[in-house]
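Right, one structure below, let's go through it.
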Amino acid sequence: MEINQTQLTPKSEALPILQKDTLIPQNAENRNILSSLEKSRIAGDYYVDLIHRSIGRSEGNKPNISSLDQDDQNLLLNIEKSASVHQTEQKVMKELRGWGAKDILMQAYSGTAREQLIQDGSQYTLIETSNGMYQLLVDSHLFEKLRPGVQGLAVKVPNGISYIMIRDYKNKSNEFIRREQEENIPHETHHVIWGFARQDKLVETQESHPEMSKAYSRFQDELLAKACSGGSLVGYSHLSMMDAKALAEFTQKNPELCQEIYSQTNAMNTYLVDVSRTIQNCENVVDSDIILATMKSRSFDELRNNLQELMVEINQQPKKPAATPLPSSWNVV
């Protein structure tokens with residue numbers, strides 16, 4: 001889950017757009033030896049490691065991506081560079097303004113009916129998980145009032161400080177909390193990092209209509225968040241982010257376009273059920289193996305085509321042994 005906040009703070013100096021073709025010297029050694037699945041595994045591992053380093057979970061050296069194709073290396077390294085630049089800018093901004101947890105949270109709620117709910121600073125805690133990457137642990141009861149039914153979310157503030165919000169449970173077991181945060185924190189952190197990449201125009205969408213582009217962009221973002229955090233492989237469009245009134249107005253004005261968006265997202269999610277089932281049934285294949293194919297896709301059609309190409313190789317991998325059925329207590333005659 002993510003929300004966008006715009007025009008909340010004075011516009012900061014624009015960041016330079018990174019060059020996509022100057023990061024890695026040409027070196028074709030080993031690039032033609034690796035299979036598409038092996039390259040996808042390396043790229044997926046690299047991106048997951050980037051997320052984990054952003055939240056202080058990564059240990060050891062970064063995965064080596066020198067065997068990947070030139071464009072794929074540059075894409076990953078530019079995303080990493082983009083995150084580093086924006087996070088540094090956020091840290092400087094926070095220090096110059098002397099902001100604390102309440103100030104960062106207020107970006108989303110200042111001037112709203114919920115502003116009074118966050119006056120008690122004892123109900124939330126600000127954590128800097130890495131340089132300029134911020135996480136707000138919010139008391140579960142307060143969180144429910146601010147964002148009902150949501151476990152975590154990313155708040156992207158282009159000219160302010162982007163952050164993630166996570167429920168802070170006081171009366172749940174440590175195991176419950178661990179399981180919740182094990183998925184939610186990297187999931188929401190991806191949304192922040194991917195938002196930086198989109199802001200720097202490192203990834204693009206090419207759909208037939210601006211609203212379809214919004215739908216695919218939202219779907220791609222969510223699918224990547226799931227793939228790098230261990231969640232179910234699924235996505236949704238920007239229509240799911242609208243309130244009831246806005247959705248009704250959009251549907252009334254654009255009935256055919258609305259139907260096409262629903263059709264595309266439903267068809268893609270149906271296909272992803274098969275993708276997920278196949279991955280789960282294969283040895284040595286993981287959800288993050290689809291990250292590179294998803295990153296490079298600019299439309300629903302490209303995403304399906306890229307995943308279908310990858311699935312040809314995944315389907316050739318050894319299958320996990322079938323689970324032994326439990327003995328029945330019934331005597332069947």
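The values are calculated or read from the model by the stated rules, or taken from the named source; none is laboratory data. Predicted, not measured: the structure shown is a model, and the values here were computed from it. So basically every Cβ, Gly included, is an ideal-geometry build from the backbone, and we count neighbours across all protein chains shown.
Outside any helix (DSSP H, G or I) and modelled with pLDDT under 60: is that true of Ser12 in this structure? Can you show your working first?
On the way: outside any helix (DSSP H, G or I): yes; modelled with pLDDT under 60: yes.
Against the criterion (outside any helix (DSSP H, G or I) and modelled with pLDDT under 60), Ser12 qualifies.
Given the residues Ile166, Ile185, which is the only one that is of a type in the set (Val, Ile, Thr), farther than 30 Å from Glu260 by Cβ and not in a strand (DSSP E or B)? Break it down stepwise before answering.
Numbers: Ile166 fails: not in a strand (DSSP E or B).
Result: Ile185 is the single residue among Ile166, Ile185 that is of a type in the set (Val, Ile, Thr), farther than 30 Å from Glu260 by Cβ and not in a strand (DSSP E or B).
Those residues that are out of contact with any Lys or Arg (no Cβ under 6 Å at 6 or more places or on another chain), more than 19 Å from Lys156 (Cα to Cα) and part of a helix (DSSP H, G or I), I need them from the stretch 106-121; list them, please. Reasoning before the result, please.
Of all residues in the stretch 106-121, those out of contact with any Lys or Arg (no Cβ under 6 Å at 6 or more places or on another chain) come to 106-116, 118-120.
Adding the requirement that they be more than 19 Å from Lys156 (Cα to Cα) leaves 113, 116, 119-120.
The answer is Gln116, and nothing else.
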Looking across the stretch 76-94 at residues that are free of Cβ contacts under 8 Å to residues at least 60 places away in the same chain and either among the hydroxyl-bearing types (Ser, Thr, Tyr) or not in a helix (DSSP H, G or I) (or both), the single one that is surrounded by the most Cβ atoms within 10 Å (Cβ to Cβ) is Ser84
In the stretch 202-228, residue modelled with the lowest pLDDT [restricted to those that are under 14 Å from Ile79 (Cβ atoms) and not hydrophobic (A, V, I, L, M, F, W, C)]: Glu204
Exactly one of these conditions fails for Arg179: (1) farther than 26 Å from Arg53 by Cβ; (2) over 14 Å from the mean Cα position of the chain (by Cα); (3) part of a helix (DSSP H, G or I). Give me its number. (1)
Could you please let me know if Asp274 is surrounded by fewer than 20 Cβ atoms within 10 Å (Cβ to Cβ) and under 22 Å from Ala293 (Cβ atoms)? yes
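Yes or no, residue by residue, for (1) touching a residue at least 60 places away in the same chain (Cβ under 8 Å); (2) at positive phi; (3) under 15 Å from the mean Cα position of the chain (by Cα); (4) surrounded by fewer than 16 Cβ atoms within 10 Å (Cβ to Cβ):
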site	(1), (2), (3), (4)
Ile42	no, no, no, no
Tyr46	no, no, yes, no
Ile51	yes, no, yes, no
Asn74	no, no, no, no
